[in-house]
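The values are calculated or read from the model by the stated rules, or taken from the named source; none is laboratory data. A quick note: this is a predicted structure, and the numbers were derived from the prediction, not measured. Cβ atoms come from the backbone with ideal geometry, glycine included; neighbour counts cover every protein chain shown. Side chains included, ligands, DNA and RNA excluded: accessible areas come from the protein's heavy atoms. Shrake-Rupley method; radii C 1.70, N 1.55, O 1.52, S 1.80 Å.
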Amino acid sequence: MESPEIFERGNWGSKIAFIFAASGSAIGLGSIWRFPIMVGLNGGAIFVLCYILSVFFIGFTVMLAELTIGRHTQKNLVGALKAIKPNTPWKGVGFMGIITGICILSYYSVVAGWSAGYLYKTIKGAFRGEVTWQASDAIFKTFAADALAVLIFLFVIIAITTFVISKGVKSGIERWSKILMPVLFILIIILSIRAITLPGSETGLSFYLKPDFSGFNLNVLFFAVGQAFFSLSLGMGTMTVYGSYITKKENLVSSAGWVCFSTTLVALLAGIIIFPTLFHSLQLTPEQFKQDFEVGTGIMFQAFPIIISKMPGGYIFGIMFFSLLLIAALTSTISMLEVPTSYLVDEKQWSRKKAAVLIGAGSFVLGIPSALSNGGVPFLTKLNIMVVMDLIFGNILLALGGVLISVFLAFSWKVKNSLKEISIGSKKFRLRSLWTFNIKYLAPVVVSLILVFIVMKNIL
Ligand code: PHE
């Protein structure tokens, strides 16, 4: 007979498995590639502060909402909305999530492809010896503009993602991420220690960590909220599907807390590596940086080879870093493709393989303009397709999805019903009243106001 102790341990083990799977989705290029771009473009530390507040007050709130809806219905977002409120337009929020997911997958895979390209370059020894900013910048620009190479890498990323999803080898992915995520974490810590011990790192750290409150405006807040949604995989149904795999024994509140915490930590550490390295290498003051430096989509790919070239054993560190980045990116692309696939499988009875291949092929085609918009084709570069896609889908639509999910939970399904679901597995929910306030008012109202402001500013 099973002793209570073994039973308890088994229970705990499955919670950890969930946290790893959900963190695998959350931690990825969003924290390591996108976060530093946003910090660089939005005034440094003030953005970091807004991001942390957004994760705590809005990200955590919506994450718990999605997990609760998912576990309660054991379904994907469209199915869940249909199950709770049949024959209402609410399922449209689920469809919006599916479209958003496919669009994010398309350009995210381009950047995942860059990571694969950088792994290849590192193995070939492209970053041996001292790497200067100028050299690193030139390597990135030449690579990103190489149309054939980026398209091949894009294809490879989407093919791997499709293969994994079509097989449904969830357990394999979980086993991988359980070992590899902690290794990535340790590596990032080692790299950050090296970065903060570089001469001149203080200027980088002060840009990154000392907020200049005069730089605050609604734009900064908009991008911080968008980054919180993006990095936590919220607003399109990913966490609903992941929540649908959680058993009733588990504590949703602490699971959500852990995923938010670990993702934020990785993002913060990524910044600790990138900014001191950049400032060291460019010899700029924070003011010069804000005025003269053009933060582009390649900032991470430009900074990492520099720091790696400054470490003993840098060749091996480089290979490890880009391999792990690639895996972190793949655990995220897999979670994006899972959203449309689980819809077609559950609701339309398609085979997993057919659904994954079709959506994968669609995302590849959709990704071509983004892939070629970084120097590959001049007019696509001018239109800045990848940045525009990221603005529309990665910021606006994820945030809108988050607002609608909050409104759905709070006013259609009702907070008291969701609290019943949450209390299974977490008897003491100490943040109950804060969460109730946030899901009813703070998240929907604040995020809607920011969205209205941004849309009016850009369109009118
Ligand atoms: N959170 C992922 C990352 O930071 C990206 C993602 C967004 C994944 C939305 C799923 C859904 O890399």
#### Entry: Close pairs from region 89-114: first away from the ligand (no atom under 13 Å from the Cβ), partner open to solvent by 30 Å² or more (accessible area, probe 1.4 Å), Cβ under 6 Å, at least 6 apart
Lys91/Lys82; Val93/Leu404; Gly113/Phe153
### Message
Looking at region 411-431 only, could you name the residues that are closer than 15 Å to Ala256 by Cβ, assigned to a helix (DSSP H, G or I) and either polar (S, T, N, Q) or in contact (Cβ under 8 Å) with a residue 40 or more places away in the chain (or both)?
### Response
Ser418, Glu421, Ile422, Ser423
### Task
For residues that are in contact with a helix residue (DSSP H, G or I) (Cβ under 7 Å, 6 or more places away or on another chain), under 14 Å from Ile454 (Cβ atoms) and β-branched (Val, Ile, Thr), tally how many sit in region 387-424.
2
### Query
Only one residue in Ile52, Ile46, Ile16, Ile69 is away from the ligand (no atom under 12 Å from the Cβ), over 25 Å from Gly360 (Cα atoms) and crowded, with 23+ Cβ neighbours inside 10 Å. Which one?
Ile69
### Task
Look through region 19-42, keep the residues that are more than 10 Å from the ligand (Cβ to nearest atom) and modelled with pLDDT of 95 or more, and return whichever of them is surrounded by the fewest Cβ atoms within 10 Å (Cβ to Cβ).
Leu41
### Summary
Per the list (1) within 16 Å of the ligand (Cβ to nearest atom); (2) surrounded by fewer than 20 Cβ atoms within 10 Å (Cβ to Cβ), residue check on Leu398 breaks on (2)
### Query
Looking at this structure, is Phe408 open to solvent by less than 40 Å² (accessible area, probe 1.4 Å), part of a loop (DSSP other than H, G, I, E, B) and not hydroxyl-bearing (Ser, Thr, Tyr)?
no
### Task
State which residue is farthest from Trp133 (Cα to Cα) when the search covers only region 292-340 and only residues that are of a type in the set (Ser, Thr, Tyr) and within 13 Å of the ligand (Cβ to nearest atom).
Ser335
### Query
Which numbered condition trips up Gly243, out of (1) within 13 Å of the ligand (Cβ to nearest atom); (2) assigned to a helix (DSSP H, G or I); (3) in contact with a Gly (Cβ under 7 Å, 6 or more places away or on another chain)?
(1)
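Filter region 344-376 down to the residues that are part of a loop (DSSP other than H, G, I, E, B) and within 17 Å of Gly296 (Cβ to Cβ), then identify the one that is least open to solvent (accessible area, probe 1.4 Å).
Pass one, region 344-376, residues part of a loop (DSSP other than H, G, I, E, B): 349-351, 372-376.
Among the residues that remain, those that are also within 17 Å of Gly296 (Cβ to Cβ) are: 372-376.
Working: Leu372: 22, Ser373: 4, Asn374: 31, Gly375: 38, Gly376: 24 Å².
Per the criteria, the residue is Ser373.
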## Note on the structure
Residue hits (region 432-456; in contact (Cβ under 8 Å) with a residue 24 or more places away in the chain and exposed (fewer than 14 other Cβ atoms within 10 Å of the Cβ)) are Val455
